[in-house]
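The numbers here are math on the coordinates, done by the rules we state, and not lab data. Keep in mind that what you see is a predicted model, and the values were worked out from it rather than measured. Cβ placement follows ideal geometry from the backbone for every residue including glycine, while neighbour counts extend to all protein chains displayed.
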Amino acid sequence: MKVAVLCSGRGSNLLALLEAAEAGLLGPAELRLVLADSKEAGAINIAREWGLYAAVVPRTAYHANRDGFERRLLEVMAPHEIEIVVLAGFLRVLGPVFLAAFPNKIINVHPALLPAFPGRDVWPLEVASGVKLAGATVHLVEKGVDSGPIIIQGSVPVLDEDEPETLAARILKVEHRILPQALAWLASGRLIIEDGRVRLKDLPKTGREEEVFIWPPLEG
Ligand code: GRF
């Protein structure tokens, strides 16, 4: 399954995908193309270092014309016969033009336990809210902001001394683990989507089904 990765920023999630591919952890998913919406995106350099085709479609060139921007993305992708799209720190909300081209084949990684804290720059909000557990989510992309059936989540504690940056760094480690896994599952046809929920086909019992993660930890 040929995969395009769309990025806006430094590209650490892209790097996690490339490392997972190298380790043979992406199943039938093959990373083919990286697209960025700004030439400042560090992800472009990472892609080139790894010998992956990379292109920039500058969002600023399209002003209020989201459809035009999305049509251009699709045009650049077309020769690569892309089947799956991964949004890895892509800071644009996709509209009907793009979504219609890849139904149930676009995934996004988000640095919060959705449906809590959708949107951009969530770390200060997570810290300020006083939640004790934060985390990351990978979900199928539907219209709307950070909405769509959830594939996988991972959680981390929020520490009393956390600043948005320290929490973001802890959450990022979760993102790097769950994004490659979600992609491998999608590419290998393991996701069953029913009534807005994702089930995983052939999910093996791990013995960890009853595990709980409580923060702050219980005493005594
Ligand atoms: C990640 O935290 C992602 O969840 C968010 O933006 C950040 C991108 O990081 N949407 P990177 O470009 O993958 O390093």
Residue separation times 0.36 nm, minus the C-alpha to C-alpha distance between Arg199 and Glu30: what's the value? 58.5 nm
Farthest toward positive dipole pole in segment 2-200 [+1 Lys/Arg, -1 Asp/Glu at C-beta], among Leu87, Phe102, Ile151: Phe102
FRET efficiency (Tyr53, Ser188; Cβ distance; R0 25 Å; to 0.05) is 0.60
Rank by packing, highest mean first: peptides 50-58, 210-218, with packing defined as the count of other Cβ atoms within 10 Å averaged across residues. 50-58, 210-218
P(r), alpha carbons of segment 37-106 - 10 Å bins starting at zero, rounded %: 17, 54, 27, 1
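Restricting to segment 23-151, compute how many DSSP beta bridges are antiparallel as a %, nearest 5.
Details: 5 of 12 bridges.
Counting DSSP beta bridges with both partners in segment 23-151, the antiparallel share is about 40 percent.
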Can you tell me the order of 169-178, 6-15 when each peptide is scored by its average per-residue count of other Cβ atoms within 10 angstrom, highest first? 6-15, 169-178
So for the pair Thr166, Arg92, with labels modelled 7 Å out along Cα→Cβ, what separation do we get in nm? 3.7
Summarise the long-distance tail of P(r) for segment 2-200 by giving the % of C-alpha pairs beyond 23 Å. 41
When the Karplus curve 6.51 cos²θ - 1.76 cosθ + 1.60 is applied with θ = phi - 60°, which whole-Hz ³J(HN,Hα) does each residue of segment 169-182 get, with x for Gly and Pro? 5, 5, 5, 4, 4, 5, 3, 5, 8, 7, 5, x, 5, 4
Among 107-118, 75-86, how do they line up by average Cβ neighbours within 10 Å per residue, starting with the highest? 107-118, 75-86
Semi-axes of the equivalent ellipsoid of segment 1-88: what are they in whole Å, largest first, if each equals the square root of 5 times a C-alpha gyration tensor eigenvalue? 22, 15, 9
Once Lys and Arg get +1 and Asp and Glu get -1 on their Cβ, which of Val34, Pro216, Asn65 lies farthest toward the positive end of the dipole of the chain? Asn65
Can you pull the one-decimal nm distance between simple spin-label points at Arg208 and Arg10, each 7 Å off the Cα toward Cβ? 2.6
DSSP beta bridges in the chain, what fraction antiparallel, as a percent rounded to 5? 45
For Lys201, list the lysines whose Cα falls under 26 Å from its own Cα; do not include residues on the same chain fewer than 8 positions away. Lys2, Lys105, Lys143, Lys173
With every atom except the alpha carbons ignored, what do you get for Rg and Dmax of segment 116-220, in angstroms? 15.4, 47
